[in-house]
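Take a look at the structure set out below.
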Amino acid sequence: MRVGVATTSRLAADAGAEIAEAGGNAVDVAIAASLVSLVSEPGMVSLAGGGVLTIWPGNDAPNGEPVTIDGAVAMPGLVSKLAPKQAAVRRVVLEYAGGMETLIGHGSVATPGILAAFELASRRFGRVPWRTLFAPAIRVAREGFPLSSAAHRYMMHAHKLIYGWDPASYRALHTDDGLLKPVGDRIEVEYLADTLELITDEGAAAFYRGEIGQAMAECISAGGGLMTRDDLGAYEPVVRKPITQEIDGWTIATAPPPSLGGAMLAAMLTLFADRRFERWDEAATDHLVRVQLAMLAHRFEVLDLTPDLEADVERLLALAPNGLEAFQSPSTVHTSATDAEHVACSITVSAGYGSGVMPPGTGVWMNNALGELELNRRGFREWQPGQRLYSNMAPSVARHRDGTTLAIGSPGADRITTAQLQAILNHAFLAMPLDAAIAQPRLHVEHAATEPCVAFEPGMPVDCLDHPCRAYDRLDAFFGGVGAVRYDDQQGFDLAADPRRAGATALAGKHEKGA
C-alpha cells in the first residue's frame, strides 16, 4: 500500500518511507516519522513531551469516524510531598522569536504523554509491530544525527541558559571548547538508544512504570520537582471526539479541548465559511486580519483564563456562525500521513522550550510544560494533579465529499492555527495544489501589551490595514511549518512540506490496484 508523509526532516521522512515499505499504513508511518523527530530535534521536542493524534480510519474500518488520541502532558503531584508553590523553577528570558520568557528546571516538568498515545494508536489503528515502528529511531539514536537548522536556530538562544547547566545535556550539544555545535554536526546522546530499545522490548510501560520511569521520577523529585512514579504510573491516553467543521465540501476534524488550537482553527474556518474570495486581495486580507483579531481577543480574554475550557469552547463554536460581530467585546514538531486506503493521521508533539533536565542514564530531555507562561496564564499552580494542560496543537484530518482524504498540521506555538487556516483556505477556496497553498505568503496577528501588530511576509497586501505592521523580508519559520498529504483515487497523492522549515516528504510502499 502506498503511503505519503510530510514531516520535519529528511531523516523523519525516510523513516516513514521505511515503515511504508514494511507494510505500514498512514498511522504507522506517522508514528515512526514522529519518533525519529522526537530523537533528532533537540530543543524542539523529546520523548518526554506531550502530543495529540487525530486519525480518520479508512473506508473499510468498522467505525469510520475520526478520533483524537490525547497524549497531552498532565499536571503532576498526585502524591508529591511538595506543594506546587514549592516546585523548584527558575525564570529565563530568551531572545528567541522576538523575545520570550519561560520557567525551567525540575519543577517545570509535567507528566509526559506522547509515548502512551503512540502505543494506543498503534494498537488500535496500526498494521506493523511496535518493534518495527522503533527501528528507524533506534538506528538514528545509535549512529547519531546531524543538528538540524531549526533546532540550531533555537539552541543559539537556549543552549547556555536552558541546556547548559545539566552535564549530560551540555555534553550532547557542545564542542570540547564549550561552543554550540554547528548545523549539520553530529549529535550523539548517551543512553538514548538504550532507552528506545527498552521501550521497544517492554512497551510504553518501560517509560511509565519501569526502569526509565523510575530514573525520571527520582531525578525530578531529587531536584525539587513535582512529578513522581505515581504520576507516571497513573497516566493514560484519552480517546476524544474531534471538533469538526464543514467548509467548501470538506469536513475537517481537529483536536478538541484541552487543545486550544483546534477550537481556534474551527472557529476561524467558520468565520470564512460563507465568504468566498478568488485571491488574497485587500478585502480578503482585511477579513483575515479581522478574524485573527477577534479570535486573539477571545482567546486572551476568555479561553486562556477559563477554569472550564470545554464549556467555553462550546460557547465559542456556537458564537462563530453569527459572524465577526459576535466577538466585538516553542516549539513543536508535526507529521502528516495519508495512505491509499484513505487512512489519514496527523500528529503534533511538543516538549515546550525544554526544562534542561536529562535524568541520568536515560538520554531523555524533559519538558518544561509547566513553565510555558503563555499557556499557563493563570499559573501552573492552579492546575489539579492529573489534569491535562492546555496546548496550541491542532493536528487535523479531512475528507471531501468526493472521497478525497487530507492530513494537515503545523508546529509553531500560536501560529499553528493561523498557518493551517491560510493553507486550508488556499487549498479549499483557491484550488492551489498543496505545495503552492503552503508556500503562499502568510500573516499573523501578534498580541502586544498596547495594541495588536500584524506580522507579515512579502507578498501580502497589507497597505490597506489600519493596524501596526511588522514586515519579514522572506518566508520565515516564525509563521509555522505546515505539512500536508492529500490522496484521491483519481489523481493519487499530493504531498508538501513547508519551505519555511527544513521539512521533507516521502511516498513509499507497494503499488496496488487503485493506488
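The values are calculated or read from the model by the stated rules, or taken from the named source; none is laboratory data. The shown structure was predicted, so the numbers you read here are calculated from the model rather than taken from an experiment. Because the Cβ atoms are built from the backbone with ideal geometry, glycine has one as well, and the counts that use them run over all protein chains shown. For the accessible areas, the whole protein counts, side chains as well, though only heavy atoms, and no ligand, DNA or RNA atoms are used. Shrake-Rupley method; radii C 1.70, N 1.55, O 1.52, S 1.80 Å.
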Of the residues that make up the stretch 102-110, is at least one assigned to a helix (DSSP H, G or I) and either in contact with a Leu (Cβ under 7 Å, 6 or more places away or on another chain) or aromatic (F, W, Y) (or both)? yes
Filtered residue count, the stretch 217-242, keeping only those that are under 20 Å from L389 (Cα atoms), among the hydrophobic types (A, V, I, L, M, F, W, C) and over 22 Å from the mean Cα position of the chain (by Cα): 5
Scanning the stretch 482-501 for residues that are out of contact with any strand residue (DSSP E or B) (no Cβ under 7 Å at 6 or more places or on another chain) and buried (at least 18 other Cβ atoms within 10 Å of the Cβ), which turns out modelled with the lowest pLDDT? R501
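Hey, does the stretch 342-352 have a residue that's more than 14 Å from the chain's Cα centre (by Cα), assigned to a loop (DSSP other than H, G, I, E, B) and either modelled with pLDDT under 95 or closer than 14 Å to V73 by Cβ (or both)? Working first, answer last.
Narrowing the stretch 342-352 to residues more than 14 Å from the chain's Cα centre (by Cα): 342-344.
Next cut, assigned to a loop (DSSP other than H, G, I, E, B) only: 342-343.
Going one step further and asking which of them are either modelled with pLDDT under 95 or closer than 14 Å to V73 by Cβ (or both), we end up with none.
Looking for residues that are more than 14 Å from the chain's Cα centre (by Cα), assigned to a loop (DSSP other than H, G, I, E, B) and either modelled with pLDDT under 95 or closer than 14 Å to V73 by Cβ (or both), one finds none in the stretch 342-352, hence no.
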Any residue at all in the stretch 54-73 that's open to solvent by 30 Å² or more (accessible area, probe 1.4 Å), in contact with a helix residue (DSSP H, G or I) (Cβ under 7 Å, 6 or more places away or on another chain) and of a type outside the set (D, E, K, R)? no
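Give the residue that is most open to solvent (accessible area, probe 1.4 Å), with candidates limited to residues of the stretch 94-134 that are among the acidic types (D, E) and within 25 Å of G480 (Cα to Cα).
Let us first name the residues in the stretch 94-134 that are among the acidic types (D, E), namely 95, 101, 119.
Add one more test, that the residue is within 25 Å of G480 (Cα to Cα), and what stays is 95, 101.
Numbers: E95: 147, E101: 80 Å².
Among residues in the stretch 94-134 that are among the acidic types (D, E) and within 25 Å of G480 (Cα to Cα), the one most open to solvent (accessible area, probe 1.4 Å) is E95.
Results for (1) hydrophobic (A, V, I, L, M, F, W, C); (2) modelled with pLDDT of 95 or more; (3) surrounded by 24 or more Cβ atoms within 10 Å (Cβ to Cβ), shown as yes or no for each residue.
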residue	(1), (2), (3)
V364	yes, yes, yes
N376	no, no, no
W383	yes, no, no
L389	yes, no, no
P411	no, no, yes
D414	no, no, no
Q420	no, yes, yes
L425	yes, yes, no
Only listed residue being more than 26 Å from M393 (Cα to Cα), among the aliphatic types (A, V, I, L, M) and at pLDDT 90 or above, chosen from A234, A267, A222, A284: A222
Can you tell me which residues in the stretch 1-29 are closer than 20 Å to V39 by Cβ, of a type outside the set (S, T, N, Q) and part of a strand (DSSP E or B)? V5, A6
In the stretch 398-446, what count of residues is obtained for those that are at positive phi and over 20 Å from the mean Cα position of the chain (by Cα)? 2
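Report the residue count in the stretch 57-101 for those that are assigned to a strand (DSSP E or B) and over 23 Å from E236 (Cβ atoms). Step through it out loud before you land on a result.
Kept after step one, since they are assigned to a strand (DSSP E or B), are these residues of the stretch 57-101: 67-71, 74, 90-94, 100-101.
Those left that are additionally over 23 Å from E236 (Cβ atoms): 90-94, 100-101.
Of the residues in that region, 7 qualify.
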Which one of these does A137 not meet: (1) in a loop (DSSP other than H, G, I, E, B); (2) open to solvent by less than 10 Å² (accessible area, probe 1.4 Å); (3) aliphatic (A, V, I, L, M)? (1)
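Condition first: assigned to a loop (DSSP other than H, G, I, E, B) and of a type in the set (G, A, S). Now tell me which residues in the stretch 363-416 satisfy that. Outline the logic, then answer.
Step one: filter the stretch 363-416 for residues assigned to a loop (DSSP other than H, G, I, E, B), giving 363-365, 367-368, 372, 376-379, 383-387, 389-390, 392-395, 401-404, 410-414.
Correct list: G363, G379, G386, A394, G403, S410, G412, A413.
Would it be correct to say that A193 is open to solvent by less than 10 Å² (accessible area, probe 1.4 Å), in contact with an Asp or Glu (Cβ under 8 Å, 6 or more places away or on another chain) and under 21 Å from T132 (Cα atoms)? It would help to see each step written out before you state the result.
Numbers: open to solvent by less than 10 Å² (accessible area, probe 1.4 Å): yes; in contact with an Asp or Glu (Cβ under 8 Å, 6 or more places away or on another chain): no; under 21 Å from T132 (Cα atoms): yes.
No: the conditions fail for A193.
For E143, indicate whether it is touching a strand residue (DSSP E or B) at 6+ places or on another chain (Cβ under 6 Å) and open to solvent by 30 Å² or more (accessible area, probe 1.4 Å). Can you show your working first?
Details: touching a strand residue (DSSP E or B) at 6+ places or on another chain (Cβ under 6 Å): no; open to solvent by 30 Å² or more (accessible area, probe 1.4 Å): yes.
No: the conditions fail for E143.
Test of understanding: among G184, G164, G126, which residue is more than 19 Å from G354 (Cα to Cα) and in contact with a helix residue (DSSP H, G or I) (Cβ under 7 Å, 6 or more places away or on another chain)?
Details: G184 fails: in contact with a helix residue (DSSP H, G or I) (Cβ under 7 Å, 6 or more places away or on another chain); G164 fails: more than 19 Å from G354 (Cα to Cα).
Just a single option satisfies the conditions, and that option is G126.
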Identify all residues within the stretch 153-168 that are in a helix (DSSP H, G or I) and open to solvent by less than 10 Å² (accessible area, probe 1.4 Å); write none if there are none. Y154, M155, A158
In this structure, does V445 turn out to be touching an Asp or Glu at 6+ places or on another chain (Cβ under 9 Å) and among the β-branched types (V, I, T)? no
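Collect the residues in the stretch 186-210 that are assigned to a loop (DSSP other than H, G, I, E, B) and out of contact with any Ser or Thr (no Cβ under 8 Å at 6 or more places or on another chain), keeping them in residue-number order. Spell out how you get there, then give the answer.
Going residue by residue through the stretch 186-210, those that are assigned to a loop (DSSP other than H, G, I, E, B) are 188-191, 203-204, 209-210.
Hits for the stretch 186-210 are E188, V189, E190, G203, A204, R209, G210.
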